[in-house]
Amino acid sequence: MAHDSSRHIRMKTKRKKSKRRRLINIFLMSLFIIIGTTITYGYNTWNNAANVVTDSFESDGRDQGSALRDPEFELDEENISILFIGVDQGGNREINDRGLSDALILATLNKSDKSVKMVNIPRDSYVYIPYRDEYTKITHAHAYGGTRAAIETVEYLFDVPVDYYMTINFNAFIDVVDTLGGIEVDVPFEMHELDSKDRKEAIHLLPGEQRLNGEEALAFVRSRKYDNDFERGNRQQEALQAMFNEALSFNNVLNVNKLINAVGSNMKTNIPFNQIVALSTNFISPSLSIETIPLQGNDLITDLYYFDLDKEHLEEVKTDLRIHLDIEESNLDSFNSDQESFQD
């Protein structure tokens with residue numbers, strides 16, 4: 001029985017890592033579509049992108065911005081951070097209106113270095129939730145108090161400000177692939193997979209090079225029972241590259257507005273359009289460096305499964321992020337003071 005329990009936990013951990021990787025691909029593709037096409041395809045696309053971003057705009061609930069920022073801080077001029085929140089609302093998952101965050105990725109952007117650091121935060125990480133003044137899984141923060149609760153949990157965890165956020169769901173992946181007219185990939189073996197509604201064996205793929213629609217492409221990148229994590233990662237990279245190729249092809253130039261709309265209908269963000277334009281100016285470059293930082297830790301099993309973050313490694317990551325954002329001093333005292341009004 002102990003062996004079966006341990007095997008079950010390992011399988012759950014692998015599934016969660018795969019989901020986080022899928023969301024990184026979705027986030028990057030979303031930013032590529034909104035930013036890249038905005039500066040590539042002319043005035044009409046520019047206006048449509050501006051309208052989509054405006055329609056997707058939603059405040060994070062903090063009138064004065066991050067309590068960890070100096071009041072004199074100018075977001076347009078400095079290094080910034082973005083929290084990507086992935087919400088999977090499909091299938092048979094029981095969620096409230098806010099939903100559990102299936103993935104949290106904190107990205108810090110350094111303008112002078114043209115570099116991005118992305119920290120994947122395991123959804124079962126055992127952390128302090130300021131909104132509820134309790135320790136539990138970080139995925140619960142979003143369900144408890146929405147975007148603001150998730151943001152301020154991450155701020156407390158890393159002692160760095162979160163300036164912007166983007167919430168996106170898995171429908172974006174399907175919608176973008178379908179808008180592109182499918183993607184060309186090489187299916188390595190026969191697959192019987194769940195669809196986006198978690199219906200068993202709803203997707204059947206045969207081996208060989210072929211064009212997949214959105215549902216089929218999602219099954220292709222999420223499959224976890226036929227090979228290992230390394231090969232699954234290769235499939236995800238292949239799918240992402242195929243999406244880039246299709247998005248840049250001549251046939252899809254006329255679909256740019258549809259692509260922007262497909263992303264916009266599946267996201268919420270507090271990033272103003274003028275800041276997106278500024279990001280495109282500063283960060284769309286062949287020299288852009290993107291570093292992914294996985295958090296280290298161990299399984300913690302009580303009445304539930306938790307991921308216990310390694311405290312020493314967490315401190316190293318916190319220092320790394322603060323250096324990357326060029327932040328010298330902690331401002332947690334201001335953060336804790338701000339929480340009093342939030343909890344009331």
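Couple of notes before you dig in:
- Of all residues in the stretch 185-198, those satisfying the criterion of being touching a residue at least 24 places away in the same chain (Cβ under 8 Å), at negative phi and open to solvent by 20 Å² or more (accessible area, probe 1.4 Å) are D186, P188, F189, L194, S196, K197.
- Screening E184 with (1) assigned to a strand (DSSP E or B); (2) out of contact with any helix residue (DSSP H, G or I) (no Cβ under 6 Å at 6 or more places or on another chain) gives one miss only, at (2).
- Members of the stretch 122-148 that are in a helix (DSSP H, G or I) and of a type in the set (S, T, Y): T139, Y144, T147
- Remark: pairs (first residue in the stretch 173-184, open to solvent by 20 Å² or more (accessible area, probe 1.4 Å); second residue part of a loop (DSSP other than H, G, I, E, B) and modelled with pLDDT of 85 or more; Cβ separation under 9 Å; 6+ apart in sequence or on different chains) = D178/N213; G181/N213.
- Criterion (part of a loop (DSSP other than H, G, I, E, B) and buried (at least 19 other Cβ atoms within 10 Å of the Cβ)) met by exactly one of V119, V160, V154: V160
- Comparison of S56, S66 shows that the only residue that is open to solvent by less than 20 Å² (accessible area, probe 1.4 Å), at pLDDT 75 or above, under 18 Å from I168 (Cβ atoms) and not aliphatic (A, V, I, L, M) is S56.
- In the stretch 278-308, residue least open to solvent (accessible area, probe 1.4 Å) [restricted to those that are among the small types (G, A, S), under 14 Å from K111 (Cα atoms) and not in a helix (DSSP H, G or I)]: S285
The values are calculated or read from the model by the stated rules, or taken from the named source; none is laboratory data. Note that this is a predicted model, so its numbers are computed, not measured. Virtual Cβ from ideal backbone geometry, glycine too; neighbours counted across all protein chains shown. All accessible areas refer to the heavy atoms of the entire protein, side chains included, with ligands and DNA or RNA removed. Shrake-Rupley method; radii C 1.70, N 1.55, O 1.52, S 1.80 Å.
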